[in-house]
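For reference, the structure discussed in these notes is given below.
The values are calculated or read from the model by the stated rules, or taken from the named source; none is laboratory data. Because the structure is predicted, anything quoted here is derived from the model rather than measured. Neighbour counts are summed over all protein chains in view; Cβ atoms, including those assigned to glycine, are modelled from backbone coordinates with ideal geometry.
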Amino acid sequence: MSAASHTLRSWLLTTDHRRIAILYLVTLPLVGLAGFVPALLLRAGLLTPARDLLETEGFQSLSLWHGSGMVLLMLLPAIPAGLGYAVFGRPAAPRVALASWYLWLIACAVWLARMVQAEPEARAAAWLAAVSLGLTFLSLILTLRRRRQPLTPFAWSIAFAGGAGLARLATGSAEPAVLAPLALVPALGVVAEVIRDSSGGVLYGERIIPWLLGGAAAATLLPWGSRLLANDFGPIVSALLPLAALPPAMLVAALLATVLRRPPARGPAMAFAWASIGLAIVAGGAFLLLASVPTNTHLAATAFESAHLHYIAGVVLAALLAGLYHWRDAITGRALPQAAANSHARLVFGAWTLTFFPDFVAGYLGQPWALSAYPDSFGTLQTVSSLGALVLAAALAASLRGLLRSLFSYTPEPGERRAASRMSE
């Protein structure tokens, strides 16, 4: 590359797939930080049962703004854009890929402006983010169509998630709570590929893995249990709704069977893959309770729903970190520090559980969602959860620091450069 290729203009007008992925990966943490600060304020407001910091209206507005932004601007584009563009090679429509990033940036700006104006409803930001996601999926699907090699689990997950996402957009749906489960499909694809490559290149039941990923994507088109009461449907639909958890559950079972038959090589990617699987198992169990008639009415509009959404976010985040370590050569051509990454994975999993599992208990006991005041009996659970949020902030900061160090402090090996070049072909 020439020196001119490293100018700001060359980055902002790039059609190189790795650069587009890096543009997403550099800006995603900034948006995450913007959403994490109000999350800490929300947790601070829950430290005491009284409305000492935030009134109920302000608490609900901040919660709505935080949730919509984190789902639409973080969870949904993180893996398709941050990993998909880098891993799948030269995009079939590079300008469409770059346009998706610019639309995403505009959506982020509108979202932040709504926060400054104290207006949590950001429909314009939601639709801009949804269109950006649609362009991302369209670009990736076109790229996958021209591939000559057999599709990998991650490629299948992007193809199916893209189809489901475009179908959602065609029906005019940009509701964050309804779109959130869609982010699980690429996350499961990343975890499946990490385990496959770490276990000798073969998955247990490999022929049915694409079908399970397709089933998981199709399940996201169904009404989501935590947003619509199960007893609002007829008896047949209510009985079938919990079956939406069957494809991802079978996929996780196949991955665990693979690990039992062929113990995977240890490394940071596998450590984060384990964290993602653990969080996915908890999220799946929570979905069954939210989608089942006996418990759905009891848990609706409680902190249980919030915990479920955050566990979905944890699955996606852990899978993203697993993918960053697994495909580090394809993204930057640089080696990532691996010694501390294993401990970071354990710390993220533990901190996530410490932060959000108490909300499952509180929601089951009847604590409403997004209320700044609550009975004294929930005080201990909220204190534990707030302390967990501080630990989680430290864990995420440590993981981000390790990734940033790899960009500026590590020199790529010649073999890594060749591997990155092959991935791009």
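Restricting attention to region 6-23, which residues are farther than 15 Å from SER100 by Cβ and either among the charged types (D, E, K, R) or free of Cβ contacts under 8 Å to residues at least 12 places away in the same chain (or both)?
Just the residues of region 6-23 that are farther than 15 Å from SER100 by Cβ, to begin with: 6-11, 18.
Hits for region 6-23 are HIS6, THR7, LEU8, ARG9, SER10, ARG18.
Considering TRP104, TRP156, the condition of being under 18 Å from ILE22 (Cα atoms), at pLDDT 90 or above and touching a helix residue (DSSP H, G or I) at 6+ places or on another chain (Cβ under 6 Å) is satisfied by TRP104 alone. A search for C-beta distances below 7 Å between a residue of region 115-137 that is surrounded by 19 or more Cβ atoms within 10 Å (Cβ to Cβ) and any residue that is part of a loop (DSSP other than H, G, I, E, B) and modelled with pLDDT under 85, counting only pairs 6+ apart in sequence or on different chains, returns ALA126/ALA174; ALA130/ALA174. Would you point out which residue out of LEU53, LEU64, LEU112, LEU103 is of a type in the set (A, V, I, L, M), farther than 30 Å from ALA269 by Cα and in a loop (DSSP other than H, G, I, E, B)? When all the criteria are applied, what remains is LEU53. Checking the structure you have, find out if any residue of region 387-407 is out of contact with any Lys or Arg (no Cβ under 6 Å at 6 or more places or on another chain), within 26 Å of THR295 (Cβ to Cβ) and at pLDDT 85 or above. Yes, some residue in region 387-407 is out of contact with any Lys or Arg (no Cβ under 6 Å at 6 or more places or on another chain), within 26 Å of THR295 (Cβ to Cβ) and at pLDDT 85 or above.
Selection of region 273-309 for residues being assigned to a helix (DSSP H, G or I) and of a type in the set (Ser, Thr, Tyr) yields SER276, THR295, THR297, SER306. Note on region 82-101: residues that are of a type outside the set (Lys, Arg) and under 18 Å from ARG145 (Cβ atoms) total 12. In region 282-299, the residues that are surrounded by 15 or more Cβ atoms within 10 Å (Cβ to Cβ) form Cβ pairs under 6 Å with partners that are hydroxyl-bearing (Ser, Thr, Tyr), at six or more places apart or across chains, as follows: VAL282/TYR311; ALA283/TYR311; LEU289/THR295; LEU290/SER226; VAL293/SER238. Need the failing condition index for SER343 against (1) touching a helix residue (DSSP H, G or I) at 6+ places or on another chain (Cβ under 8 Å); (2) part of a helix (DSSP H, G or I), just the number. Answer for SER343: the failing condition is (1).
VAL384 falls short of the stated requirement of being touching a Gly at 6+ places or on another chain (Cβ under 8 Å), of a type in the set (A, V, I, L, M) and in contact (Cβ under 8 Å) with a residue 12 or more places away in the chain.
So PHE88 fits all but one of (1) out of contact with any Leu (no Cβ under 9 Å at 6 or more places or on another chain); (2) crowded, with 23+ Cβ neighbours inside 10 Å; what number is the exception? Just one mismatch for PHE88, condition (1). Applying the condition of being of a type in the set (Val, Ile, Thr) and crowded, with 18+ Cβ neighbours inside 10 Å to region 192-213 and asking which residue is nearest to ALA319 (Cα to Cα) yields VAL194.
Which count do you get for residues in region 214-228 that are modelled with pLDDT of 90 or more, crowded, with 17+ Cβ neighbours inside 10 Å and closer than 13 Å to LEU243 by Cβ? First the steps, then the outcome.
Step one: list which residues in region 214-228 are modelled with pLDDT of 90 or more, which gives 214-218.
Now narrow it down to the ones that are crowded, with 17+ Cβ neighbours inside 10 Å: 214-217.
Checking the rest, the ones that are also closer than 13 Å to LEU243 by Cβ come to 215-216.
The total comes to 2.
The residues listed here are SER139, SER132, SER173; of these, the one that is closer than 30 Å to LEU33 by Cα and modelled with pLDDT under 85 is SER173. From the list ALA34, ALA50, the lone residue that is surrounded by fewer than 20 Cβ atoms within 10 Å (Cβ to Cβ), farther than 19 Å from ALA130 by Cα, at pLDDT below 85 and among the aliphatic types (A, V, I, L, M) is ALA50.
Scan region 362-383 for residues that are in a helix (DSSP H, G or I) and out of contact with any Phe, Trp or Tyr (no Cβ under 9 Å at 6 or more places or on another chain) and jot them down. Selection gives ASP376, SER377, PHE378, GLY379, THR380, LEU381, THR383.
Checked against the criterion of being without any contact (Cβ under 8 Å) to a residue 12 or more places away in the chain and either surrounded by 19 or more Cβ atoms within 10 Å (Cβ to Cβ) or among the acidic types (Asp, Glu) (or both), region 62-71 contains not a single residue that satisfies it. Taking residues in region 72-101 that are of a type in the set (Val, Ile, Thr), and partners anywhere that are outside any helix (DSSP H, G or I) and surrounded by 23 or more Cβ atoms within 10 Å (Cβ to Cβ), the pairs with Cβ atoms closer than 9 Å and at least 6 places apart or on different chains are VAL87/TRP327.
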